[in-house]
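The block underneath contains the structure these notes are about, expressed in structure tokens.
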Amino acid sequence: MTIMENIPDPEFKYVFKRIIYFNSHCKDLIIKTLKVIKDEILKTNSCDTFDCIVYTDSFGIYCNNESVINQFERFLVSKLPDNTLIYPHYIVNSVNFEDIRRFQTHTHLPLGRCIIEAIQVIKESIDKFTMQNIFLSFNGGKDCVVLLYLLQAVLDELKYNERIKAVYFQSEDQFSEEEDYVQSTINRFNLDLTIIKGELKSGLQEFLKENPQFCASIIGTRQSDTGSTKLQFFQKTDPGWPVLVRVQPLLHWNYNNIWSFLRQFSIPYCSLYDKGYTSLGNKSKSHPNPNLKYLDENTGEVKYWPAFLLQDSKSERENRL
């Protein structure tokens, strides 16, 4: 690993990267901590080379082994005082959609294959229904965030400049942090958003009655979600529901793929995920995941790792009652 300043990102040397921001007055502490982590990482990963490059208010971690980067991030969170790092939801950066599309060349990697498949499904849905007849189901959760950026990557390639129609099914028991994130995303993408409150089925029925042109909805469902193992990429709604085709490009993604995507491309996400929440449901029934609890070695306080550091992806929903 090297610690340098003001040099270009080594984009062509390594596959995986993390760009992490920090408070500018903490730069000396950051450099010192990175050197300590370097020594600890190399004790167990001597065969994996990686670089860490420090910039003015951020640093990049670069490696061809994503597990090394995950280990690096865990060390960072455990060793640095609170408020040293600035997570993506506080950073207003534009995401390079070409980077997302280019990652499809990494067909030997799970994330590369996931992106290829999802983009193919999105393109097929546009060919079948056109964007004028499709809406995005968006509630600010991590899965629909991934879906929004994949959709935008496709539309960017197609030179489609119209606003994306999005529908937000809003619960009466919602986190304010989730509401804030939805609003910031609406502003970032200039989404054409409709908010539907109350019961889901009747709300959807009323929306389609007022907007009969919509015949398909892009949804961030995964097969690892409860009751979703038999779903298909294109699935008609169940009998008794408003007639609609559910387009589900993320069916074969898992929890780790979702976070790999968000972290790889420095995509902003709801701040609750950095407080130990791994799945967002109703406020009264969602809590930090107990599998992320740890004791801060500096203060002795009980804290929670960020959601992207969950080690057992099968425990993703153990924070929901």
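Which order, highest average first, do 24-37, 68-81 follow once you tally other Cβ atoms within 10 Å for each residue and take the mean per peptide?
Working: 24-37: 14.7, 68-81: 18.4.
Ranking the peptides 24-37, 68-81 by packing returns 68-81, 24-37.
Taking the square root of 5 times each eigenvalue of the Cα gyration tensor, what semi-axes in Å does the equivalent ellipsoid of region 103-212 have, largest first?
Details: eigenvalues 136, 62, 34 Å².
Three semi-axes, in Å: 26, 18, 13.
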In sequence order, what are the phi-derived ³J(HN,Hα) couplings for region 230-240 according to the Karplus relation 6.51 cos²θ - 1.76 cosθ + 1.60 with θ = phi - 60°, rounded to whole Hz, with x for glycine and proline?
9, 6, 10, 4, 10, 9, 6, 4, 5, x, x
In region 185-242, if the dipole is taken from +1 on Lys/Arg beta carbons and -1 on Asp/Glu beta carbons about the Cα centre, which of Gln213, Gln235, Asn190 is farthest to the positive end?
Gln235
What is the P(r) of region 148-272, as percent of Cα-Cα pairs per 10 Å bin from 0?
10, 35, 44, 11, 0
The chain: radius of gyration and largest Cα-Cα distance (Dmax), Å
20.4, 62
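Which length gain, in nm to one decimal place, applies between Thr105 and Ile31 when the Cα-Cα distance is subtracted from 0.36 nm times their residue separation? Let's see the in-between values first.
Numbers: separation 74, 0.36 × 74 = 26.64 nm, distance 3.33 nm.
Full-extension gain reported as 23.3 nm.
To the nearest 0.05, how large is the calculated FRET efficiency for Asp180 and Asp127 if R₀ is 45 Å and r is the Cβ-Cβ distance? All intermediate terms of the calculation are to be shown ahead of the outcome.
Working: r = 35 Å, r/R0 = 0.79.
It comes out at approximately 0.80.
Using the crude model of +1 on Lys and Arg Cβ and -1 on Asp and Glu Cβ, and no other charge, please compute the dipole size for region 148-229 relative to its Cα centre, in debye to 20. Spell out each step's value before the answer.
Details: 8 positive and 14 negative charges, 77 e Å.
That gives a dipole near 360 debye.
If I take all pairs of Cα atoms in region 73-139, what percentage of them are more than 20 Å from each other?
Working: 1309 of 2211 pairs.
I get 59 percent for the Cα pairs in region 73-139 exceeding 20 Å.
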So which of Lys17/Lys314; Lys142/Lys275; Lys17/Lys79; Lys201/Lys236 end up more than 23 Å apart by C-alpha?
Lys17/Lys314
In region 130-231, which GluC sites (Glu not before Pro) are in a loop and have at most 16 other Cβ atoms within 10 Å, using DSSP for the loop call?
Glu162, Glu172, Glu199
With θ set to phi - 60°, apply the Karplus curve 6.51 cos²θ - 1.76 cosθ + 1.60 along region 247-258 and write out the HN-Hα couplings as whole Hz, x wherever there is a Gly or Pro.
9, 10, x, 9, 3, 9, 7, 10, 4, 5, 4, 4
Over the chain: helical MRE at 222 nm, DSSP H runs n ≥ 4 each giving -39500 (n - 2.57), nearest 500:
-11000 deg cm²/dmol
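Computed from the coordinates by the stated procedures, all read-outs in this text should not be read as laboratory data. It should be emphasised that the depicted structure is a prediction, and the values quoted were computed from it without experimental measurement. Quick reminder, even Gly has a Cβ in these numbers, built from the backbone with ideal geometry, and neighbours come from all protein chains shown.
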